[in-house]
Structure formats: structure tokens, C-alpha cells
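Some notes on the structure that comes next.
The values are calculated or read from the model by the stated rules, or taken from the named source; none is laboratory data. Just so we're clear, the structure is a prediction, and the values are computed from it rather than from any experiment. Because the Cβ atoms are built from the backbone with ideal geometry, glycine has one as well, and the counts that use them run over all protein chains shown.
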Amino acid sequence: MVARDAQDNVSPRSSTTTVTTGAACGNPVCGVRQVTTDTDIPWGLVTLPDGSVLYNRRDAHDIIQLNPTTGVKTNLGTVPNVQSTDGEGGLLGLAISASFSSDRWLYIMHTSPSDNRVVRIRLENGRLNTASEQVLVSGIRRNKYHDGGRLRFGPDGKLYASTGDAQNGAYAQDRSALEGKVLRLNPDGTVPSDNPFGNYVWSYGHRNPQGLTFDSQGRLWEQEFGNSIMDETNLITRGGNYGWPACEGTSGTCGTAGFIAPVRTYPTAEGSCSGITIVRDALYVACARGARMYRAAISGSSLTNVQTYFSGTYGRLRTVEPAPDGGLWLTTTNQGDKDSTPNNSNERVLHVTLGN
């Protein structure tokens, strides 16, 4: 047996040993363990190379480091210039690049007094080094609702960000505007030369996307809040138009030439889903109003064998992310979800064990 650390250093081989494994769980979802609770709303969440978890607290505007084994939490500091919207804005998405171990950059999406923006700040010596902050993208219109907010690095090394339409559907169809979009940027904040419209816009025609994830083929999947009829899971293509506001899910003028249909839709009462992630070619979707998690197998460009878990068990679910052991991190968003008041919640960070 050998061990590997986060930098892929390999230990010497151990002496020969014999072990007997326990019975494997044959179900897709095998168990749930509560890791911690929080008085604020966990939003963006990542796992560091050392196995600890970082998560943004949306209304308190700070970042917590969590030891998932002991449950011990450390406050790393407050992100500067964050202002909530008395609704859904605040401290939102969180990501780290593949080179985090050397460059220490945290990528953060948040609402400021004037806009929504993407910044990066170094995590050094167990604290946010706020003096290192760099604003990468600014000028994304903010509003009380529809602020988007998810960040995800792709296998191409680019950073993808989801933005809401700021409660103005016309922005979603304006390719020169940053609202109602999936944006794509270089890690230093510059516009990639192969973006389709010469700016940050990668896809457009979105209402309020809050979920981004990549599959084993390098394809980008997106989760989007509908208005009153249905939510969408979309397979995102370069320069694609997903139809909002003329088309919501499969309703409206969705047959318009150039509109890309969703892969799957959900009635809003059973959905209103925010975070998504993929583990072993299965898509997991965390839903707020629907108070459940969906699991679907990815088959080609389709989602099949859709199953529902935790319906009503933990209430509204916000974020789902992969855990290093092959399971999931899952967070709730039950109290204070629409008022921007810090520390008036009672939320959970859960670990979900997945089967074979």
C-alpha cells in the first residue's frame, strides 16, 4: 500500500497486510451524517486539498473553514465590500483553481453596493488576505432577486460564473449585457480569446441560474430557476441561447429557431433548485422550494432514471458539492432565506454517503 498527498507525493510501500471489507451499500444513496450547523446560510462551498471545507455565509459575508471529521469551524475573515439586497444577494459563489496549493487564490462572487462581481482573494496563514483582493469582473447588475452567483472552474482552466437577469428579462437576450448569462473568464479576469461574442458571455437567455457543474466528458451542465411554471437543467453549449424570457422550460415560444431546449424540467413546486454536481456520471440537484435532492443518470445528452431523495427531510436545500471520499456535501437554506439578515438561520451542512 502507498499513500499520496495533495501534491501527489507518494510514500514508500508498506509491508503486506490483509484486510476484510464490510458489505458494500448497493443503493445510490446510502446514508447522511450531519457535519455541523450554522446560524447563517451556507452558499458557495469547496473542499481544499487538505480535505477541509470552506463555505461562504451569504448574509454574514464571511468564510468558514470546517474540519469535516471533528466539526471544528474557523472563521477566516469577512469579504470586503459585500452588501446584501434584502433578498437573494450577498456572499454567493466560491471556487479554487487547480493551482490553489501554490497560489492560494479563492475566487468569490458577491453583491456589492453597486453591482454583482467576481473577485479573488488569497487565503494565507489561515486568514483572508484582503489586501490581495483583485476585482476580476464588475458591472453585473444587481437586484433584490435574480443575482445568480455560482462559480465553477472547467477542465479548460477557465472560470465559469452564472448570473441572474436582475429581474429584467430583456437583459438575458442582450449579448452585450452580463445579466442572465453563463460567463467565462481567464483566472486573471481577462476575456478568453475564443469566447463567442468578444466579451465574457458564454451562453445567454437564462433567468436565474444557480447551478454549474462539468461531467466526465468536459461538458457544462447548468441549473436554472424558472418563474412560475418550470425549472430547467440545461446542457450548455458555446454561444447557446436558452430562450428566456420568451421561453420558460418548454412553455412559451420555445419552438423559436435558435432556442436550445432544456434536458429536463421540473414543476417549480417540486423544484426551485439551486446547486448541482456530478459524481460518477450521476447528476445531483439540490432544491429549495421542492425541499428535496434529485439524482439522475447521465446517458449521452439525456438524464435518465431520475430519483428523489430527502423529500421534506431537511427542508430547503441550497448547495451540493462532491466530497473527497466519493460522497456529497449538502447544505440547507431554511430560515432567513429571503431577508438578508445575518445569523438568523438554523442551517445544516450534511455529508451524504453514496453507494456503488
| Would you call N356 touching a Ser or Thr at 6+ places or on another chain (Cβ under 6 Å), surrounded by fewer than 18 Cβ atoms within 10 Å (Cβ to Cβ) and touching a residue at least 40 places away in the same chain (Cβ under 8 Å)? | no
| query | So, in region 195-204, of the ones that are part of a loop (DSSP other than H, G, I, E, B) and in contact with a strand residue (DSSP E or B) (Cβ under 9 Å, 6 or more places away or on another chain), which residue ends up surrounded by the most Cβ atoms within 10 Å (Cβ to Cβ)? | reply | Y200
| T190 versus (1) hydroxyl-bearing (S, T, Y); (2) surrounded by fewer than 16 Cβ atoms within 10 Å (Cβ to Cβ); (3) in a strand (DSSP E or B): which is the lone unmet condition? | (3)
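Here's the yes/no breakdown for (1) in contact with a helix residue (DSSP H, G or I) (Cβ under 7 Å, 6 or more places away or on another chain); (2) surrounded by 17 or more Cβ atoms within 10 Å (Cβ to Cβ); (3) part of a strand (DSSP E or B):
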{"site": "C30", "(1), (2), (3)": "no, no, yes"}
{"site": "Y55", "(1), (2), (3)": "no, yes, yes"}
{"site": "I64", "(1), (2), (3)": "no, yes, yes"}
{"site": "T74", "(1), (2), (3)": "no, no, yes"}
{"site": "V82", "(1), (2), (3)": "no, yes, no"}
{"site": "D86", "(1), (2), (3)": "no, no, no"}
{"site": "A98", "(1), (2), (3)": "no, no, no"}
{"site": "S102", "(1), (2), (3)": "no, no, no"}
{"site": "Y107", "(1), (2), (3)": "no, yes, yes"}
| Within region 34-49, which residues are outside any strand (DSSP E or B) and buried (at least 20 other Cβ atoms within 10 Å of the Cβ)? | D40, I41
| query | How many of the residues in region 158-177 are assigned to a loop (DSSP other than H, G, I, E, B) and buried (at least 24 other Cβ atoms within 10 Å of the Cβ)? | reply | 3
| Which condition number does S311 fail, the rest of (1) crowded, with 20+ Cβ neighbours inside 10 Å; (2) more than 22 Å from P155 (Cβ to Cβ) being met? | (1)
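Per-residue answers, yes or no, for (1) modelled with pLDDT of 95 or more; (2) touching a Cys at 6+ places or on another chain (Cβ under 6 Å); (3) under 30 Å from G164 (Cβ atoms):
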site	(1), (2), (3)
A3	no, no, no
C30	yes, no, no
T37	yes, no, yes
L45	yes, no, yes
D62	yes, no, yes
A98	no, no, yes
D103	yes, no, yes
L106	yes, no, yes
| message | Please go through (1) more than 20 Å from the chain's Cα centre (by Cα); (2) of a type in the set (G, A, S); (3) surrounded by fewer than 20 Cβ atoms within 10 Å (Cβ to Cβ) for G243 and return the number of the only condition it doesn't satisfy. | response | (3)
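For residues in region 72-115 being of a type outside the set (A, V, I, L, M) and without any contact (Cβ under 8 Å) to a residue 12 or more places away in the chain, which is nearest to G44 (Cα to Cα)?
The selected residue is S99.
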| field | Residues of region 147-172 classified as within 14 Å of the chain's Cα centre (by Cα), farther than 21 Å from E88 by Cβ and of a type outside the set (F, W, Y), total | value | 2
| said: Return the residues of region 314-347 that are of a type in the set (K, R) and crowded, with 19+ Cβ neighbours inside 10 Å; say none if nothing qualifies. | reply: R316, R318
| of a type in the set (K, R), surrounded by fewer than 22 Cβ atoms within 10 Å (Cβ to Cβ) and over 20 Å from Q217 (Cα atoms): does that describe R295? | no
| Could you give every pair whose Cβ atoms fall below 9 Å, whose first residue belongs to region 46-65 and is within 14 Å of A323 (Cβ to Cβ), and whose second residue is charged (D, E, K, R) and assigned to a strand (DSSP E or B), counting only separations of at least 6 or pairs across chains? | V46/E321; T47/E321; V53/E321; Y55/D38
| Before we move on, is V201 in contact with a Lys or Arg (Cβ under 8 Å, 6 or more places away or on another chain) and β-branched (V, I, T)? | yes
| request: Tally the residues that are in a strand (DSSP E or B), in contact with a Gly (Cβ under 7 Å, 6 or more places away or on another chain) and within 20 Å of L92 (Cα to Cα), restricting the search to region 205-230. | output: 8
| message | For the list (1) surrounded by fewer than 23 Cβ atoms within 10 Å (Cβ to Cβ); (2) within 20 Å of the chain's Cα centre (by Cα); (3) of a type in the set (A, V, I, L, M, F, W, C), I need the number of the one condition that I260 fails. | response | (2)
| message | Exactly one condition in (1) surrounded by fewer than 20 Cβ atoms within 10 Å (Cβ to Cβ); (2) part of a strand (DSSP E or B); (3) not small (G, A, S) is false for V137; which is it? | response | (1)
